[in-house]
Amino acid sequence: MATTSSASHQLVLVAAALVLAGGLFVLPKGIMKPKESKSELSKDAAATANRDGGGMATNGSKTEASSGPVPATATDNNGPNAAAPHTTTSPAQRQELTRLLAEYKAAPNAAAKATVATTLARRYNSVERFDSAGYYLEQVALSKPSAQNWQQAADAYFQAFSFAATDERVKLLGGKARELYAKVLKEQPGNLDAKTNLGMAYMASDNPVQGISYLREVLEADPRNEKALYNMGILAVQSNQYDKAVTRFQDLVKVNPKNVNGQFYLGVTLARTGAKEEAKKAFLTAKSLSNDPSLAASVEEEIAKLK
């Protein structure tokens, strides 16, 4: 289990056609209590999972206005700026962002801009402004097109998308991630990581079936792909297909017995299908793999329900 600044966040399940996405395999996460309803999940997402913090318009030329250093870091007597309550930065970090933005605007040519943009992206990433990081990484990719550069930009937008707190932000950032992952796959059709993330980004679109298709393609190419197995399991849970979810999580923990979330959700789904002893074993395995107290508490709560 990741022990980052977001480790206390609850794991938010993926809705059938709308990813509020704290449950994506690639991101730091806590454990969501399975009893929560979809509406409660949405409320939890709005309250705890907003890490990108930008305004409604976060791509293109409006990125700096919606998610630049002042909105992201300014404080008043009530604490961090309301536009980005999750963001905490030092005066030195704010000063550096301001300096780099000025340097980027003044850069004499595309190569110089790309160099500064790379540094800006790193700095925005360090203050959890993933949409802004994505914007500047996209500028690098436009200057130096390559599958690697497109994927770096796509990954940043995907991270922002994964923690977005509103439907509008989910759709906007998911759309940007889809656009950039499509560029990656045009050059690297066999890039399964990009295809998996593209599939999950499609779950927030008007065509979630396409997302499922991409995930199935990944598993056809690599039946042991942990990320795809996990996400397919989560999607099965979300649609109350617990038998299918059990199979996905069983396959996942066969591939990697130390996958904490795989073991926990194997317990959840086994419990839902009435296999109480097997569920207890999976819960205890998950607990043994992590020192996270929130996970331990969730495990004890779920085991208590089995009695």
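The values are calculated or read from the model by the stated rules, or taken from the named source; none is laboratory data. Keep in mind that what you see is a predicted model, and the values were worked out from it rather than measured. Backbone-built Cβ (ideal geometry, glycine too); neighbour counts: all protein chains shown. Quick note on the areas: whole protein, heavy atoms, side chains included, nothing else; ligands and nucleic acids left out. Shrake-Rupley method; radii C 1.70, N 1.55, O 1.52, S 1.80 Å.
Remark: pairs (first residue in segment 127-149, part of a loop (DSSP other than H, G, I, E, B); second residue surrounded by fewer than 23 Cβ atoms within 10 Å (Cβ to Cβ) and among the hydrophobic types (A, V, I, L, M, F, W, C); Cβ separation under 7 Å; 6+ apart in sequence or on different chains) = LYS144/ALA114. Screening TYR202, TYR124 for residues that are more than 23 Å from LEU219 (Cβ to Cβ) and at pLDDT below 95 leaves exactly one candidate, TYR124.
Can TYR157 be described as under 24 Å from PRO189 (Cα atoms), of a type outside the set (A, V, I, L, M) and open to solvent by 10 Å² or more (accessible area, probe 1.4 Å)? When the stated conditions are applied, TYR157 does not pass them. Restricting segment 90-125 to residues that are open to solvent by 30 Å² or more (accessible area, probe 1.4 Å) and not in a helix (DSSP H, G or I) leaves a set whose member that is nearest to GLN139 (Cα to Cα) is ASN109.
Residue check: is LEU266 at pLDDT below 95 and not acidic (Asp, Glu)?
So LEU266 does not fit the description; no.
Scanning segment 213-227 for residues that are in contact (Cβ under 8 Å) with a residue 24 or more places away in the chain and over 18 Å from PHE161 (Cβ atoms) yields VAL218, ALA221, ASP222, PRO223, ARG224, ASN225, GLU226.
Would a scan of segment 237-256 turn up a residue that is aliphatic (A, V, I, L, M), under 30 Å from ALA147 (Cβ atoms) and free of Cβ contacts under 8 Å to residues at least 40 places away in the same chain?
yes
In this structure, GLY233 does not qualify as modelled with pLDDT of 95 or more and among the small types (Gly, Ala, Ser).
Please verify whether ALA204 is buried (at least 24 other Cβ atoms within 10 Å of the Cβ), assigned to a loop (DSSP other than H, G, I, E, B), touching a Leu at 6+ places or on another chain (Cβ under 6 Å) and among the aliphatic types (A, V, I, L, M), treating the condition exactly as stated. Outline the logic, then answer.
Values: buried (at least 24 other Cβ atoms within 10 Å of the Cβ): yes; assigned to a loop (DSSP other than H, G, I, E, B): yes; touching a Leu at 6+ places or on another chain (Cβ under 6 Å): yes; among the aliphatic types (A, V, I, L, M): yes.
For ALA204, the condition - buried (at least 24 other Cβ atoms within 10 Å of the Cβ), assigned to a loop (DSSP other than H, G, I, E, B), touching a Leu at 6+ places or on another chain (Cβ under 6 Å) and among the aliphatic types (A, V, I, L, M) - is met.
Quick grid of which residues meet (1) touching a helix residue (DSSP H, G or I) at 6+ places or on another chain (Cβ under 9 Å); (2) more than 22 Å from VAL237 (Cα to Cα); (3) touching a residue at least 12 places away in the same chain (Cβ under 8 Å); (4) not hydroxyl-bearing (Ser, Thr, Tyr):
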{"position": "VAL116", "(1), (2), (3), (4)": "yes, yes, yes, yes"}
{"position": "ASN125", "(1), (2), (3), (4)": "yes, yes, yes, yes"}
{"position": "SER162", "(1), (2), (3), (4)": "yes, no, yes, no"}
{"position": "ARG178", "(1), (2), (3), (4)": "yes, yes, yes, yes"}
{"position": "VAL184", "(1), (2), (3), (4)": "yes, yes, yes, yes"}
{"position": "GLY199", "(1), (2), (3), (4)": "yes, no, yes, yes"}
{"position": "GLY211", "(1), (2), (3), (4)": "yes, no, yes, yes"}
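Per-residue answers, yes or no, for (1) assigned to a helix (DSSP H, G or I); (2) of a type in the set (Gly, Ala, Ser); (3) modelled with pLDDT under 90:
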residue: VAL170; (1), (2), (3): yes, no, yes
residue: LEU185; (1), (2), (3): yes, no, no
residue: ASP193; (1), (2), (3): yes, no, no
residue: VAL218; (1), (2), (3): yes, no, no
residue: PRO223; (1), (2), (3): no, no, no
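The conditions of being farther than 27 Å from ALA110 by Cβ and surrounded by fewer than 22 Cβ atoms within 10 Å (Cβ to Cβ) are met by LYS171.
Give all pairs with beta carbons closer than 6 Å in which a residue from segment 93-104 that is farther than 10 Å from VAL116 by Cα meets a residue that is assigned to a helix (DSSP H, G or I); count only pairs at least 6 apart in sequence or on separate chains. Listed pairs, sorted by first residue: ARG94/PRO69; ARG94/THR73; LEU97/PRO69; LEU97/ARG123; THR98/PRO69. For segment 146-190, the set of residues classified as more than 18 Å from ASN125 (Cβ to Cβ) and of a type in the set (A, V, I, L, M, F, W, C) consists of ALA147, ALA165, VAL170, LEU172, ALA182, VAL184, LEU185, listed by residue number.
Of the residues making up segment 252-283, those that are small (Gly, Ala, Ser) and either surrounded by 23 or more Cβ atoms within 10 Å (Cβ to Cβ) or within 14 Å of GLU300 (Cα to Cα) (or both) are GLY262, GLY267, ALA271, ALA279, ALA282. Take the conditions (1) open to solvent by 40 Å² or more (accessible area, probe 1.4 Å); (2) under 29 Å from ARG169 (Cα atoms); (3) in contact with a Gly (Cβ under 7 Å, 6 or more places away or on another chain); (4) not hydroxyl-bearing (Ser, Thr, Tyr); ALA245 misses just one of them, which is (1). Of all residues in segment 286-302, those that are closer than 13 Å to ASN261 by Cα have Cβ atoms under 6 Å from Cβ atoms of residues that are of a type in the set (Val, Ile, Thr) and assigned to a loop (DSSP other than H, G, I, E, B), 6 or more apart or on another chain, in LEU295/ILE31; SER298/ILE31.
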